[in-house]
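Q: Dropping a structure here in structure tokens format, bear with me for questions.
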Amino acid sequence: MALKASPIWVCPRTPCSDLGSSDLWSRNSGSAFNLRFDLEKSRKWECCCLAVLAQRAITSVEDEKPNVSGVEPSWGIERTQGNESRGFHKDLNLLPKPLSANDLSSCSKDGSKVRVAYQGLPGAYSEAAALKAYPKCETVPCDQFEEAFKAVELWLVDKAVLPIENSVGGSIHRNYDLLLRHRLNIVGEVQLQVNHCLLGLPGVRKEEIKKVLSHPQMVASTGLRDTGAVASARAAEIYGLDVLAEKIQDDDDNITRFLVLAREHIIPGTDRPYKTSIVFTLEEGAGVLFKALAVFALRDINLTKIESRPQKQRPLRVVDDSNEGSAKYFDYMFYIDFEASMAEPRAQYALEHLQEFATFLRVLGCYPMDTGL
């Protein structure tokens, strides 16, 4: 397997051990983006990337050592007979391949070999979102959001599909915090319309329902004819229940946006609408946030999401405002989604400009937009 000499999304000053992770930027990190390399340089990056990928596949999970189908535990590095040096395994096809921009669309059509983690039980809307992204995937339920993140990091699954915001309930703050804590990359998004249904036991009429539970599994297990459940139509199929009423939600425009997370980022393109997600912190001072947002407006880049979260490492700072005492203010992380691909010069220049005001900047992912429901 050989990596093509394609534009790659890594700062040239970043150590090789950081390849495959989202870029971390600081104000003193040097040039912001250097996407194009000549053939000679790209070959050097190829060797470096292969070494990193082999290292990761061997050392990423030492405690649990998940059994990956078709991959032997000793495939990564072996000792050459008669030689003290170590080298790559001869079969380089066994090395994990970096994602490309076509992986999302190709897997969406097939996806039969993809294992996707989600939070909840079978029949949950998160599982429906995973199946929308990868119709033939194997879905893996997780009890908590963080378990889904860890499942991807430990190579137990290929991807995770997790909610990030809802048109009625707002942002899922827990997942914003987990995005910063874990080193996964956003490789796609899924928008799913929520359709709440009233479910009941087979043969039960809606008029017989006296109480409603929050999950269909409980209704199916109790066998009580006067008990219903609010869930999706797919949950009715899974648990053998009847749909007594559809679209019982208060708001018909109840839409949840999900993020698709993976270990490696995809190589951005310009063949379709792309979205880029970043997180950054700013220096103190009046108008700094205005200046930070202006770097996008100056280049006609549309912002689709702005979210702020207090920094947990240093949540408060003290500022002397008067002689009577001091005032306390929160220090914030800013999460932004904007409509542009990192393959576009305007997006590269915008982030380079943003470094003038940012004390920390990380690209969470650049991925194709979900333009339909």
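The values are calculated or read from the model by the stated rules, or taken from the named source; none is laboratory data. Note that the coordinates shown come from a computational prediction; the quantities given were computed from them, not determined experimentally. Note: ideal-geometry Cβ built from the backbone for every residue, glycine included; neighbour counts use all protein chains shown. Surface areas here come from the heavy atoms of the whole protein model, side chains and all, with no ligands, DNA or RNA. Shrake-Rupley method; radii C 1.70, N 1.55, O 1.52, S 1.80 Å.
Q: Calculate, in nm to one decimal, what Asp331 and Asp143 gain on full extension: separation in residues at 0.36 nm each, minus their alpha carbon distance.
A: Working: separation 188, 0.36 × 188 = 67.68 nm, distance 3.13 nm.
Going from the current span to full extension adds 64.5 nm.
Q: Something else now. Calculated FRET efficiency, Val212 and Thr304, Cβ-Cβ r, R0 30 Å, to nearest 0.05? Spell out each step's value before the answer.
A: Details: r = 36 Å, r/R0 = 1.18.
Efficiency at R0 = 30 Å is approximately 0.25.
Q: When N is the residue count of the range 115-217, what does its C-alpha Rg come to as a fraction of 2.2 N^0.38 Å? Present the calculation step by step, with values, prior to reporting the outcome.
A: Numbers: Rg = 15.8 Å, N = 103, 2.2 N^0.38 = 12.8 Å.
My calculation over the Cα atoms of the range 115-217 gives 1.23.
Q: Which ³J(HN,Hα) values in Hz, rounded to whole numbers, follow from the phi angles of the range 220-227 under the Karplus curve 6.51 cos²θ - 1.76 cosθ + 1.60, where θ = phi - 60° and Gly and Pro get x?
A: 5, 7, 6, x, 7, 6, 8, 10
Q: If each residue of separation counts as 0.36 nm, what is the full-extension length gain between Arg181 and Ala286 once their alpha-carbon separation is subtracted? Intermediate results must be reported in sequence, preceding the final value.
A: Numbers: separation 105, 0.36 × 105 = 37.80 nm, distance 2.88 nm.
Difference between extended and current length: 34.9 nm.
Q: Convert 25 °C to kelvin, take the viscosity as 0.890 mPa s, use the Kirkwood radius over C-alpha pairs of the range 149-194 as Rh, and evaluate the Stokes-Einstein diffusion coefficient in µm²/s, rounded to a whole number.
A: On the way: Rh = 11.8 Å.
Diffusion coefficient, whole number: 208 µm²/s.
Q: Amide H of Glu165: which non-local residues (sequence gap of 5 or more, or other chain) have their own amide H closer than 5 Å, using H built in the peptide plane?
A: It is Ile172, Arg257, by chain and number.
Q: Same structure again: In the full protein assembly as shown, how much of Met218 is accessible to a 1.4 Å probe, in Å² to the nearest 10?
A: 100 Å²
Q: I would also like to ask the following. Just the projected area, averaged over all directions, of the convex hull on the alpha carbon atoms of the range 247-294: how many nm²?
A: Approximately 7.6 nm², given one-decimal rounding.
Q: Can I ask one more? For a quick size check, give me the Cα extents of the range 176-272 along its three principal axes, largest first, whole Å.
A: 54, 25, 22
Q: Anything over 24 Å Cα to Cα? Flag those among Lys136/Lys206; Lys159/Lys291; Lys132/Lys159; Lys136/Lys247; Lys159/Lys312; Lys132/Lys312, in the order listed.
A: Working: Lys136/Lys206 34 Å; Lys159/Lys291 36 Å; Lys132/Lys159 13 Å; Lys136/Lys247 26 Å; Lys159/Lys312 27 Å; Lys132/Lys312 34 Å.
Checking Cα-Cα distances, Lys136/Lys206; Lys159/Lys291; Lys136/Lys247; Lys159/Lys312; Lys132/Lys312 exceed 24 Å.
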